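What follows is one structure encoded as structure tokens, with my remarks underneath.
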Amino acid sequence: MRYKNLLFDVDNTLLDFHDAQQQALNALFNELGVPLTSENEALYKTMNQNRWREHEKGNLTSDEVVNGRFGPFFEQLGKKVDSVKTEQKYRQFLNQGHKRIENSLEIIRDLSTKADLYVVTNGLANTQLQRLTDAGLFPYFKDIFISEQAGFQKPMVEFFDYVFAKVPHLQKEKTVIIGDSLTSDIQGGKNAGIDTIWFNPAASTIDVRIKPTFQISRLEDIYDILAS
Ligand SMILES: [Mg+2]
């Protein structure tokens, strides 16, 4: 095996976050009696993405991202809600979303017999742990690193320092990160001085400033890289 330590992102790499988010938004809007139009949905997704980008830059904690988002958002739609209480409702729905991406369970189960697997994810601990457990993925990882617990997030080098400090005998040249996000996973890997595999199923255009070591369009293409 070319790499001994495989660091996996979770959302839209192993688990389908779009699906989880869709279900949770449907349920939340339904409960609040607000129609989930495509406009409202696009508005929410843009606002939410911007907040997580600010988290990547270190301007918002994960707690601030989620607990501050719904009040201002629903205010735009003319409805007053409490941000924290609405987040709690939404999170109960979101925690249930654990649809897997492609054949991620089979791949992770198999790879766990060949290398040491770790999770590296930006998000909230309870949510990520529940979703990984419900999806059957949890037992195959040696350890799970979540930004909320680390106190730092991808792509910050401090997040990876935290990870490396907890992985015994880590050799950077034998370590690779696999994820769908150029700004958090690939930039993070570059900041940390490890190789990167960009999972890019939608064949998005590459950002010339953030060039991954490898690019794959299907998860199982990982095998070609590991064998090379
Ligand atoms: Mg992701």
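The values are calculated or read from the model by the stated rules, or taken from the named source; none is laboratory data. Keep in mind that what you see is a predicted model, and the values were worked out from it rather than measured. Glycine gets a Cβ as well: all are built from the backbone with ideal geometry, and neighbour counts include every protein chain shown. Please note that ligands, DNA and RNA were not included when accessible areas were found on the heavy atoms of the full protein model with its side chains. Shrake-Rupley method; radii C 1.70, N 1.55, O 1.52, S 1.80 Å.
Residues in the stretch 46-60 that are surrounded by 14 or more Cβ atoms within 10 Å (Cβ to Cβ), more than 15 Å from the chain's Cα centre (by Cα) and in contact (Cβ under 8 Å) with a residue 24 or more places away in the chain: Met47 only. All told, Met1 meets the bar of being at pLDDT below 95 and either away from the ligand (no atom under 16 Å from the Cβ) or under 29 Å from Leu226 (Cα atoms) (or both). The listed residues are Pro168, Pro139, and the only one of them that is loosely packed, with under 15 Cβ neighbours inside 10 Å, outside any helix (DSSP H, G or I) and not assigned by TED's automatic domain parsing to the domain that holds Gly58 turns out to be Pro168. The single condition among (1) touching a strand residue (DSSP E or B) at 6+ places or on another chain (Cβ under 8 Å); (2) buried (at least 16 other Cβ atoms within 10 Å of the Cβ); (3) of a type outside the set (A, V, I, L, M, F, W, C); (4) without any contact (Cβ under 8 Å) to a residue 60 or more places away in the chain that Lys174 does not meet is (4).
Condition check ((1) within 29 Å of Glu87 (Cβ to Cβ); (2) at pLDDT 95 or above) across all residues:
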position	(1), (2)
Leu129	yes, yes
Ile144	yes, yes
Ser147	yes, no
Gln153	yes, no
Pro168	no, no
Ser184	yes, yes
Asn200	no, yes
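Among residues of the stretch 12-32 that are β-branched (Val, Ile, Thr), those with a beta-carbon under 8 Å from a residue that is open to solvent by 10 Å² or more (accessible area, probe 1.4 Å) at least six positions away or on a different chain give the pairs Thr13/Ile101; Thr13/Asp180.
Across the stretch 177-228, the number of residues qualifying as among the small types (Gly, Ala, Ser) and open to solvent by 70 Å² or more (accessible area, probe 1.4 Å) comes to 4.
The sole residue among Thr121, Thr86, Thr127 that is surrounded by 14 or more Cβ atoms within 10 Å (Cβ to Cβ), touching a residue at least 24 places away in the same chain (Cβ under 8 Å) and touching a strand residue (DSSP E or B) at 6+ places or on another chain (Cβ under 6 Å) is Thr121.
Within the stretch 142-165, the set of residues being part of a loop (DSSP other than H, G, I, E, B), more than 16 Å from the ligand (Cβ to nearest atom) and either among the small types (Gly, Ala, Ser) or more than 25 Å from Leu219 (Cβ to Cβ) (or both) comprises Gly151, Phe152. Checking each residue in the stretch 166-208 for being more than 16 Å from the ligand (Cβ to nearest atom) and hydrophobic (A, V, I, L, M, F, W, C) picks out Val167, Leu170, Ala192, Ile194, Ala203, Ile206, Val208.
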